Amino acid sequence: MTEPKKLFVKTYGCQMNVYDSQRMQDVLAPLGYQPVDSAEGADMVILNTCHIREKAAEKVFSDLGRVRKHKEAKEANGGDKMIVAVAGCVAQAEGAELMKREPMVDMVFGPQTYHRLPEMVARANRAVGRNRIVDTDFPAEEKFDHLPEHVSKQGYSAFLAIQEGCDKFCTFCVVPYTRGAEYSRPGADVIREAKQLVAHGTRELTLLGQNVNAYHGEAPNGGEWTLGRLLREMAEIDGLDRIRYTTSHPRDVDEDLISAHRDLKKLMPFLHLPVQAGGDRVLQAMNRKHTNADYRDIAARLKDACPDLALSSDFIVGFPGESDKDFEDTMEIVRDITFIQAFSFKYSPRPGTPASAMELQVPEKVKTERIMRLQALLAEQQLVFNQNSVGKEMDVLLERRGKYEGQLVGKSPYMQPVHVSGLPESALGQIVRLKITEALPNSLGGELVDATRNDQKSERNVA
Ligand code: SAM
Ligand code: SF4
């Protein structure tokens, strides 16, 4: 029997990259590649990269330095080859340039071409000469048509990509250039993949897309499904207990989606709905296609449909031209809406995007002052929400062992990590009812309410 080949994949950035890395492993498994935890001694190393902010892209180049050392050590004295590949959005954006800058890289491929990995690996492994490969073609349809029909086993909580690319062209964002035009997978394919994951033991699915609520996939009997409709179909899958989706654009929240939040118990009451900024001038310059008032209205309609719904958001501070007043509008919308989690970033000019060429770039010092104020407010809101959870009962999906002996960690309906002690490891994968006894800034502690009431499926509300 031939030895399995060692595959090390490092993932940077968003959940879509996590999904893509998993699928790359599925594509390479028939060739004998098995995932390992370190680049040391690996037969193939893939860095699945992110280009969204300058820092994310820079990290890849410093990591490549470390990989080079492992490659040199493995190949020293006629040792076996290590194939080094750069995948994802840095690969898409910098392709040939990256090959020039990093001579030891064998392969560069974008987010839409990894279904062709077997071909690329065969070419890279050819005995004669050195074949360096760049494959950064576009259409997403082709990739999904050629990926293996079977997905491998994932965790109790797993990702499922249903949509890819983006046509919104926010002026700060590289996604439309690195991921291409918006594409929705056919509904039947999504349901098939969801059922496979559930058959492997997954109980919670997060549907992914760069703009997931722009979803308009082909319906099995003709016509199209919206995201709201797809969610209803997903909720029918036996054994699937929790459904989430991310990332949504406020502009694409429609009545179908709002009513799904009203009707579907399996749809968790937590939604990542990035507002980015509060000032209308900034929102317009960002080409967000919604105003401050639009966002407030959408949030109110969602909370009306699902009163226990909580929101999280992304924020960019220091977008070109952002005045003190614009920034105060951001602070005000945060105070008014309240977000229970958030990601906030200083604006990072990205080559080729319209905003990078805008005048009135905000000085670094001002960006720093603003982000510190915003993050303090967001952290306070998160802590208050966590503290208000104490004394309540919540259904928690237990996903992994904790740091301490006898501790398990799961997720609340609101994505809060919850620690619990004294349960056997066989409880992993179960949804248990916990009483929350402790709140920390980023997590909760709980204790079992009543063993006989455990694992009541889809009981999502917090008592
Ligand atoms: N599609 C999502 C949306 O419409 O909000 C998010 C896409 S992006 C992968 C995730 C987040 O990165 C964005 O929501 C934004 O806050 C941030 N981001 C994107 N480009 C950025 C830039 N040039 N500078 C700083 N933050 C950026
Ligand atoms: Fe980027 Fe999201 Fe805007 Fe699309 S909607 S351009 S992914 S920030």
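The values are calculated or read from the model by the stated rules, or taken from the named source; none is laboratory data. In this text the structure is predicted, and so the values were computed from the model without any measurement. Quick reminder, even Gly has a Cβ in these numbers, built from the backbone with ideal geometry, and neighbours come from all protein chains shown. What goes into the accessible areas is simple: the full protein's heavy atoms, side chains included, and nothing from ligands, DNA or RNA. Shrake-Rupley method; radii C 1.70, N 1.55, O 1.52, S 1.80 Å.
Go through the residues of segment 277-289 one by one and say whether even a single one is under 17 Å from residue 212 (Cβ atoms) and either open to solvent by 10 Å² or more (accessible area, probe 1.4 Å) or among the β-branched types (Val, Ile, Thr) (or both). Spell out how you get there, then give the answer.
Residues of segment 277-289 that are under 17 Å from residue 212 (Cβ atoms), as a first pass: 288-289.
Okay, now just the ones that are also either open to solvent by 10 Å² or more (accessible area, probe 1.4 Å) or among the β-branched types (Val, Ile, Thr) (or both), so 288-289.
Yes, there is a match, as at least one residue in segment 277-289 is under 17 Å from residue 212 (Cβ atoms) and either open to solvent by 10 Å² or more (accessible area, probe 1.4 Å) or among the β-branched types (Val, Ile, Thr) (or both).
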Complete set of residues in segment 313-332 that are of a type in the set (S, T, N, Q), more than 14 Å from ligand 2 (Cβ to nearest atom) and surrounded by 16 or more Cβ atoms within 10 Å (Cβ to Cβ): 330
task: Please go through segment 249-276 and pick out each residue that is part of a loop (DSSP other than H, G, I, E, B), within 16 Å of ligand 2 (Cβ to nearest atom), within 19 Å of the chain's Cα centre (by Cα) and surrounded by fewer than 21 Cβ atoms within 10 Å (Cβ to Cβ).
output: 249
task: Would you please name the residue that is nearest to residue 212 (Cα to Cα), looking only at residues in segment 144-174 that are aromatic (Phe, Trp, Tyr), more than 16 Å from ligand 2 (Cβ to nearest atom) and in contact with a helix residue (DSSP H, G or I) (Cβ under 9 Å, 6 or more places away or on another chain)?
output: 159
query: Would you call residue 76 assigned to a helix (DSSP H, G or I) and either touching a residue at least 24 places away in the same chain (Cβ under 8 Å) or among the aromatic types (Phe, Trp, Tyr) (or both)?
result: no
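With the condition being under 23 Å from residue 13 (Cβ atoms) and either open to solvent by less than 10 Å² (accessible area, probe 1.4 Å) or out of contact with any Asp or Glu (no Cβ under 8 Å at 6 or more places or on another chain) (or both), I'd like the helices (runs of 4 or more DSSP H) fully within segment 166-242 carrying at least 2 qualifying residues.
Numbers: elements: 175-178, 187-199, 227-235.
Of the helices (runs of 4 or more DSSP H) lying wholly inside segment 166-242, those with at least 2 residues that are under 23 Å from residue 13 (Cβ atoms) and either open to solvent by less than 10 Å² (accessible area, probe 1.4 Å) or out of contact with any Asp or Glu (no Cβ under 8 Å at 6 or more places or on another chain) (or both) span 175-178, 187-199.
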message: Exactly one of these conditions fails for residue 57: (1) of a type in the set (A, V, I, L, M); (2) within 16 Å of ligand 1 (Cβ to nearest atom); (3) surrounded by fewer than 20 Cβ atoms within 10 Å (Cβ to Cβ). Give me its number.
response: (3)
field: All positions within segment 120-164 that are open to solvent by 40 Å² or more (accessible area, probe 1.4 Å), without any contact (Cβ under 8 Å) to a residue 60 or more places away in the chain and not in a loop (DSSP other than H, G, I, E, B)
entry: 122, 123, 134, 141, 142, 145, 146
- prompt: Which of the residues belonging to segment 350-379 are within 16 Å of ligand 2 (Cβ to nearest atom), open to solvent by 40 Å² or more (accessible area, probe 1.4 Å) and part of a helix (DSSP H, G or I)?
  reply: 354, 356
task: Evaluate segment 82-90: report whether one residue or more is open to solvent by 60 Å² or more (accessible area, probe 1.4 Å) and without any contact (Cβ under 8 Å) to a residue 60 or more places away in the chain.
output: no
query: Quick check, is residue 335 in a helix (DSSP H, G or I), modelled with pLDDT of 95 or more, touching a helix residue (DSSP H, G or I) at 6+ places or on another chain (Cβ under 6 Å) and surrounded by fewer than 17 Cβ atoms within 10 Å (Cβ to Cβ)?
result: no
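Residue-by-condition table, conditions (1) closer than 17 Å to residue 246 by Cβ; (2) open to solvent by 10 Å² or more (accessible area, probe 1.4 Å); (3) part of a strand (DSSP E or B); (4) touching a residue at least 60 places away in the same chain (Cβ under 8 Å):
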position: 3; (1), (2), (3), (4): no, yes, no, no
position: 7; (1), (2), (3), (4): no, no, yes, no
position: 20; (1), (2), (3), (4): yes, no, no, yes
position: 30; (1), (2), (3), (4): no, yes, no, yes
position: 38; (1), (2), (3), (4): no, yes, no, no
position: 47; (1), (2), (3), (4): no, no, yes, no
